[in-house]
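Here is the structure we will look at, set down as structure tokens.
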Amino acid sequence: MEKFDFDMITIGAGSGGVASSRRAGSYGARIAICEDWRVGGTCVMRGCVPKKFLVYAAEYSGEFEDAAGYGWHVPAPRFDWTKLIANKNKELDRLEGIYRTLLKNSHVTLFEGRAKIVDAHTVEVLGKRHTAANILIATGARPTMPRIPGIEHAITSNEALDLPHLPKSIVIVGGAYIACEFAGIFNGLGAEVTMVIRGDKLLRGFDEDIRDSLTEAMTARGVKIRNHTEIAEIDGAGRGFCATTTRGERITADLIMYATGRSPNVANIGLEEAGVKTKPNGAIMVDSWSRTSVPSIYAIGDVTDRLNLTPVAIAEGRALAETLFHNNPIEMDHANVPSAVFSIPSVATVGLSEVDARREYGTLDVYRARFNPMKNTLSGRVERTMMKLVVDRKTDRVVGVHMVGPDAPELIQGLAVAVKCGATKKQFDQTVGIHPTAGEEFVTMRDKVPEPKAQAAE
Ligand code: NDP
């Protein structure tokens, strides 16, 4: 007779929880997974996947404009939001079905209910208690909004993905991943977009050249960016809403969306009862093996607030399954994780920004290219792509690669392998380009950007 009902009970069937459970199940471990919403979680149901469908839709408007220069006569295109949302939802239903089948094929038991940890080895779900040698918390995160008067009038990315109508105008508060992505979506689909950011530029924490290039490109595409601005209150204004800034200015729009960060889903899952320690923002504290303060309880993904990216949660989950159930200890490596912002144009990056690299390595060689890509010549669009390499001068190692421009995420994914392998600038130079592409610029950069001091003296 087994000591526990299961080898592991996972709470949360998002990307991380499902990946970990399936990998564990494939090794013959007895796994259960609990989910009180839809199988697939944030990424599949109200994050990366539906967002990217909307980005694809929004990119068509630029493509229609650009086609004329290539000889196409495109009648004024009409856009049908209802059809897009219906098609998107149909695809999400299909994906959810696939996720369920994958769990079944990996012999993972699915409990469709809200789970609560009772003690270090017990989980209660659907009114029954189940024991497990290990418990994995993979409950993700949810959007947060500041508590200002009238905030109940604002929507988050959750609602933005399922709006009954496309707004004619929208105010988006925040200047990070989600804000930039939805600004691109609504702008591309024809809405008037105003971004309200409290800092000076978009994408705090990214390389300054990325921040400048994206601001320039989004502004040129018609997005209004109001920096150094904070909203004090929101109220209804006729059929729309009005956001009043702390300086007393009033900004009206059909909709007001907040993309001001996400907070870990830790409420009422029994953390206190089990003695699982959390950080001040609620995130579960874990070591490099994703183990919490309770040795039999683990946590992965956004609920731990390490690097909040789907592929990171998946990698953390698989590493745990390997460690626990395959005698193959894998400690998650969070270094040089590439990431992308699916704004229009897109942003992608791997490694350190110039500022962070200077702090870590001291002397650097920096290479940067800004050019209007070939496709824009006949179309007449003027939108410069930006590419940048940050190189540690002592070792010649490329420690940061940054890009703003079409297909940046696709390009950076490949270059991330080189950075992860510790490639040097010399090895980039020895790589032959593919012509004509934008990507060949990454292996042909010769001129160094002048040192910051020299720049100041110019
Ligand atoms: P982030 O947590 O990355 O940034 C929050 C943004 O909101 C910042 O611009 C911040 O400004 C601003 N902000 C925070 N509080 C306030 C406030 N009270 N008033 C005004 N502005 C405020 O947020 P996101 O919601 O964009 O993303 C959440 C997470 O989801 C990220 O960690 C990201 O990793 C992940 N994600 C990844 C995606 C991808 O990989 N493509 C896509 C979407 C999300 P300031 O800079 O001044 O602090």
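The values are calculated or read from the model by the stated rules, or taken from the named source; none is laboratory data. Values in this document were obtained by computation on a predicted structure and should not be read as measured data. Please note: Cβ atoms are built from the backbone with ideal geometry, for glycine as well, and neighbour counts cover all protein chains shown. SASA here: full protein model, heavy atoms, side chains in, ligands and nucleic acids out. Shrake-Rupley method; radii C 1.70, N 1.55, O 1.52, S 1.80 Å.
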Legend entry - Selection from segment 338-361 of residues that are open to solvent by 40 Å² or more (accessible area, probe 1.4 Å), more than 17 Å from residue 217 (Cα to Cα) and either of a type in the set (Ser, Thr, Tyr) or in a loop (DSSP other than H, G, I, E, B) (or both): 338, 352, 361
Inset, instruction - Tell me which residues, restricted to segment 225-239, are within 15 Å of the ligand (Cβ to nearest atom) and either within 12 Å of residue 251 (Cβ to Cβ) or open to solvent by less than 60 Å² (accessible area, probe 1.4 Å) (or both). - result: 225, 226, 229, 230, 231, 232, 233, 234
Inset, instruction - Go through (1) surrounded by fewer than 21 Cβ atoms within 10 Å (Cβ to Cβ); (2) touching a residue at least 12 places away in the same chain (Cβ under 8 Å); (3) small (Gly, Ala, Ser) and name the single condition residue 97 misses. - result: (2)
Legend entry - Subset of segment 166-224 (residues that are assigned to a loop (DSSP other than H, G, I, E, B), without any contact (Cβ under 8 Å) to a residue 60 or more places away in the chain and within 15 Å of the ligand (Cβ to nearest atom)): 175, 197, 198, 199, 200, 201, 202, 204, 223
Inset, instruction - Provide a single number: the residues in segment 230-248 that are in a strand (DSSP E or B), of a type in the set (Gly, Ala, Ser) and free of Cβ contacts under 8 Å to residues at least 60 places away in the same chain. - result: 1
Legend entry - Check on residue 331, surrounded by fewer than 20 Cβ atoms within 10 Å (Cβ to Cβ), assigned to a loop (DSSP other than H, G, I, E, B) and touching a residue at least 12 places away in the same chain (Cβ under 8 Å): yes
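Check segment 128-139 and report whether any residue there is open to solvent by less than 50 Å² (accessible area, probe 1.4 Å) and within 16 Å of the ligand (Cβ to nearest atom).
The answer is yes, given that some residue of segment 128-139 is open to solvent by less than 50 Å² (accessible area, probe 1.4 Å) and within 16 Å of the ligand (Cβ to nearest atom).
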Legend entry - Pairs, first over 17 Å from residue 449 (Cβ atoms) in segment 357-378, second in a helix (DSSP H, G or I) and at pLDDT 95 or above, C-beta under 8 Å, six or more apart: 375/66; 376/66; 378/69; 378/70
Inset, instruction - Return the residue satisfying two criteria in turn: it lies in segment 411-458 and is free of Cβ contacts under 8 Å to residues at least 12 places away in the same chain and of a type in the set (Asp, Glu), and of such residues it is most open to solvent (accessible area, probe 1.4 Å). - result: 458
Inset, instruction - Only residues in segment 41-54 that are closer than 10 Å to residue 157 by Cβ count as the first member; pair them with residues that are among the basic types (Lys, Arg) and open to solvent by 20 Å² or more (accessible area, probe 1.4 Å), Cβ under 9 angstrom, at least 6 apart or cross-chain, and list the lot. - result: 42/142; 42/262; 46/38
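Residue by residue, here is whether (1) of a type outside the set (Phe, Trp, Tyr); (2) within 30 Å of residue 109 (Cβ to Cβ) holds:
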| residue | (1), (2) |
| --- | --- |
| 34 | yes, yes |
| 38 | yes, yes |
| 74 | yes, no |
| 81 | no, no |
| 91 | yes, yes |
| 95 | yes, yes |
Inset, instruction - Scan segment 267-304 for residues that are within 15 Å of the ligand (Cβ to nearest atom) and surrounded by fewer than 20 Cβ atoms within 10 Å (Cβ to Cβ) and jot them down. - result: 279, 281, 282, 283
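Residue 65: open to solvent by 40 Å² or more (accessible area, probe 1.4 Å), away from the ligand (no atom under 16 Å from the Cβ) and farther than 30 Å from residue 3 by Cβ, yes or no? Even if it seems obvious, please write down each step before you answer.
On the way: open to solvent by 40 Å² or more (accessible area, probe 1.4 Å): yes; away from the ligand (no atom under 16 Å from the Cβ): yes; farther than 30 Å from residue 3 by Cβ: yes.
Yes, satisfied.
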Inset, instruction - Would you please list the contacts, defined by Cβ atoms under 6 Å and residues six or more apart or on different chains, that run from a residue in segment 143-155 that is closer than 10 Å to residue 232 by Cα to a residue that is at pLDDT 95 or above? - result: 148/233; 149/233; 150/233; 150/234; 150/235; 151/145
Inset, instruction - Evaluate segment 396-416: report whether one residue or more is basic (Lys, Arg) and either more than 21 Å from the chain's Cα centre (by Cα) or at pLDDT below 95 (or both). - result: yes
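Residue by residue, here is whether (1) of a type in the set (D, E, K, R); (2) open to solvent by less than 20 Å² (accessible area, probe 1.4 Å); (3) out of contact with any strand residue (DSSP E or B) (no Cβ under 7 Å at 6 or more places or on another chain) holds:
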residue	(1), (2), (3)
366	no, yes, no
376	no, yes, yes
380	no, no, yes
388	yes, yes, no
392	yes, yes, no
401	no, yes, no
405	no, yes, no
